[in-house]
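Notes to accompany the following structure.
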2 protein chains.
Amino acid sequence: MKTLCTTLLLLAGGVAVAGTPGPSHGIAYPEGWQNWATIAVSHRTDNNTLRTILGNNIAVKAAREGKTNPWPDGAILGKVVWKDAQHETWQAAQAPGKFVHAEFMFKDATKYKNTHGWGWARWVGLEQTPFEKGAQVCISCHTPVKNNDWVFTHPASLP
Amino acid sequence: MKTLCTTLLLLAGGVAVAGTPGPSHGIAYPEGWQNWATIAVSHRTDNNTLRTILGNNIAVKAAREGKTNPWPDGAILGKVVWKDAQHETWQAAQAPGKFVHAEFMFKDATKYKNTHGWGWARWVGLEQTPFEKGAQVCISCHTPVKNNDWVFTHPASLP
């Protein structure tokens with residue numbers, strides 16, 4: 001039944017992935033992230049990517065309440081990444097081009113105590129191929145923000 | 001009961017607005033947009049703003065199915081705008097600074113036939129002050145994309 005429901009949800013969403021992608025670093029695919037609420041956005045000019053940072057319900061609640069250092073157990077942060085592209089009509093606007101990957105941080109201070117309280121995972125391309133090169137790849141890049149619970153994102157100001 | 005529920009939702013979300021903002025151009029405030037799903041993001045370098053483009057359920061379904069020219073009646077698109085700011089740790093990253101405004105397009109080909117099938121509205125600042133300078137302000141800017149049903153946004157590619 002779970003598989004049937006998943007299939008129906010995928011069909012309803014017009015999602016391209018056939019079936020659920022396999023785990024990344026032993027972490028199961030966080031289904032439904034495409035409909036998660038927004039925590040922030042960003043534009044990296046060093047690798048020309050636009051990003052939206054989404055969260056599951058626990059993460060969004062923590063973000064909106066300013067309780068993010070540390071983030072609570074159960075929070076999942078998703079970073080969805082596209083190459084940037086010039087809008088064809090508004091030349092001073094950068095908009096999403098090719099989808100690059102979706103990467104996630106799963107907070108559980110106990111379960112993931114050996115990787116700074118987070119599970120680190122990434123699924124690459126529209127086919128969502130699991131990234132399996134090791135959490136250290138993620139952790140190395142995030143080390144400058146270890147005092148911000150290893151998270152770059154500051155929740156965007158919202159009314 | 002509706003008011004109570006709204007109040008509880010606002011409290012639960014940590015939302016700063018006291019009560020529901022008044023209408024903009026006669027259009028009621030689209031409560032709950034802070035939790036809508038993502039359609040795209042953008043970065044405008046002419047006015048230094050980062051944006052996320054969200055949609056209500058009808059809009060997101062249309063976006064994911066590629067049925068956006070025209071968008072279906074009932075679709076609401078929300079553009080959430082922040083000034084861009086350099087991330088303090090990752091200098092080549094632009095992230096949301098001060099919240100500017102949230103603006104919305106409400107599709108109803110019949111109701112809004114005099115404004116190209118869309119209701120145009122904007123709420124300014126964290127206090128969400130209704131914008132009342134007239135839909136023509138919005139329409140003038142959107143005229144270059146009249147053949148794209150007056151919408152700049154192309155739904156971002158998603159798995």
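The values are calculated or read from the model by the stated rules, or taken from the named source; none is laboratory data. Quantities reported herein were computed from a predicted structural model and do not represent experimental measurements. Glycine gets a Cβ as well: all are built from the backbone with ideal geometry, and neighbour counts include every protein chain shown. What goes into the accessible areas is simple: the full protein's heavy atoms, side chains included, and nothing from ligands, DNA or RNA. Shrake-Rupley method; radii C 1.70, N 1.55, O 1.52, S 1.80 Å.
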| query | How many residues are within 20 Å of A:His87 (Cα to Cα) and hydrophobic (A, V, I, L, M, F, W, C) when one looks only at segment B:51-108? | reply | 12
| query | What do you reckon, is B:Ala156 open to solvent by less than 40 Å² (accessible area, probe 1.4 Å) and at the interface with chain A (Cβ under 7 Å from one of its Cβ atoms)? | reply | yes
| query | Could you say which residue among A:Gln91, A:Gln86 is more than 17 Å from A:Tyr29 (Cα to Cα), modelled with pLDDT under 95 and not hydrophobic (A, V, I, L, M, F, W, C)? | reply | A:Gln91
| query | From the residues in segment A:76-128 that are of a type in the set (S, T, N, Q) and under 19 Å from the mean Cα position of the chain (by Cα), which one is nearest to B:Asn148 (Cα to Cα)? | reply | A:Gln128
| message | Going by what's in this entry, would A:Val145 be described as without any contact (Cβ under 8 Å) to a residue 60 or more places away in the chain, under 22 Å from A:Val60 (Cα atoms) and over 16 Å from the mean Cα position of the chain (by Cα)? | response | yes
| said: Conditions first: (1) modelled with pLDDT of 95 or more; (2) open to solvent by 40 Å² or more (accessible area, probe 1.4 Å). B:Phe104 passes all but one, so which condition is the exception? | reply: (2)
| task | Would you please name the residue that is farthest from B:Ala28 (Cα to Cα), looking only at residues in segment B:113-123 that are out of contact with any helix residue (DSSP H, G or I) (no Cβ under 7 Å at 6 or more places or on another chain) and crowded, with 19+ Cβ neighbours inside 10 Å? | result | B:Gly117
| Which members of segment A:62-87 meet the condition of being open to solvent by 30 Å² or more (accessible area, probe 1.4 Å) and either closer than 14 Å to B:Val41 by Cα or within 9 Å of chain B (Cβ to nearest Cβ) (or both)? | A:Arg64, A:Glu65, A:Gly66, A:Lys79, A:Lys83, A:Asp84, A:Ala85, A:Gln86
| message | For the condition within 7 Å of chain A (Cβ to nearest Cβ) and open to solvent by 10 Å² or more (accessible area, probe 1.4 Å), what is the one hit in B:Thr52, B:Thr45? | response | B:Thr45
| query | Name the residues in segment A:88-138 that are more than 10 Å from chain B (Cβ to nearest Cβ), aliphatic (A, V, I, L, M) and more than 25 Å from A:Val60 (Cα to Cα), would you? | reply | A:Val137
